[in-house]
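Notes follow once the structure below has been shown.
The values are calculated or read from the model by the stated rules, or taken from the named source; none is laboratory data. Just so you know, these numbers come straight off a predicted model, no measurement behind them. Every residue, glycine among them, receives a Cβ derived from its backbone with ideal geometry; neighbour counts consider all protein chains shown. Surface accessibility is based on the protein's heavy atoms, side chains included, excluding ligands, DNA and RNA. Shrake-Rupley method; radii C 1.70, N 1.55, O 1.52, S 1.80 Å.
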Amino acid sequence: MSDVNTGTASDSGTPATLTRLEQEGEIAADYLEGLLDIADLDGDIDMDVEGERASVSIIGDSASRDLNKLVGRDGEVLEALQELTRLAVHRETGERSRLMLDIAGFRARKRAELAKLGAEAAAEAKETGLPVKLDPMTPFERKVVHDAVAAAGLTSESEGEEPQRRVVVLPA
């Protein structure tokens, strides 16, 4: 059985937007709770609103490694579950969802690694004066890197076609 915890909504957005995003989180939590029950996995579900999107996390007991099955290699299963959860929300609301799903802290750890990578690439571009091309990434990964580069005071762009789309950090 899983528990559902609702985090505090951020102050960004209008009340109508927050209500819509909170509704998305509730629908997603119900869908994921059903999935956990079917898979006979234990986990708590935490919902929040971050920026302009609903955020749902499945948090497990630190001693249990079962939730890692829902992450998969390099987050592949997590990405698929996020899309299925977005489809479940769309089915209920009739609107496209930008909901973010995290399982067992995978996406949070990945975000920290990518922010560090973006900052390092920005430092390299500043030092060498040359563009820095990174390895291909998912849209989520590119967004985190773009944000880290912008925070370092540089610009970046994406180039290439999926699944080989990559970030290029531009020198000042």
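Numbers for the structure displayed
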{"read-out": "Boolean, LEU84 is open to solvent by 70 Å² or more (accessible area, probe 1.4 Å) and touching a helix residue (DSSP H, G or I) at 6+ places or on another chain (Cβ under 9 Å)", "value": "yes"}
{"read-out": "Positions within segment 17-26 being open to solvent by 30 Å² or more (accessible area, probe 1.4 Å) and in contact with a helix residue (DSSP H, G or I) (Cβ under 9 Å, 6 or more places away or on another chain), in sequence order", "value": "ARG20, GLN23"}
{"read-out": "Hits in segment 48-81 - residues which are within 13 Å of the chain's Cα centre (by Cα), crowded, with 18+ Cβ neighbours inside 10 Å and not acidic (Asp, Glu)", "value": "VAL49, ALA54, SER55, VAL56, SER57, ILE58, VAL71, GLY75, LEU78, LEU81"}
{"read-out": "Some residue of segment 95-113 being in contact (Cβ under 8 Å) with a residue 60 or more places away in the chain, exposed (fewer than 14 other Cβ atoms within 10 Å of the Cβ) and charged (D, E, K, R)", "value": "yes"}
{"read-out": "Scope segment 140-158; condition in contact (Cβ under 8 Å) with a residue 12 or more places away in the chain and open to solvent by 60 Å² or more (accessible area, probe 1.4 Å); matching residues", "value": "ASP147, ALA151, GLY153, THR155, GLU157"}
{"read-out": "Residues within segment 129-139 that are more than 25 Å from VAL77 (Cα to Cα), part of a loop (DSSP other than H, G, I, E, B) and open to solvent by 60 Å² or more (accessible area, probe 1.4 Å), tallied", "value": "2"}
{"read-out": "Among (1) open to solvent by 50 Å² or more (accessible area, probe 1.4 Å); (2) under 25 Å from TYR31 (Cα atoms) - the single one VAL89 does not satisfy", "value": "(1)"}
{"read-out": "Check on LYS126, part of a helix (DSSP H, G or I), open to solvent by 60 Å² or more (accessible area, probe 1.4 Å) and modelled with pLDDT under 95", "value": "no"}
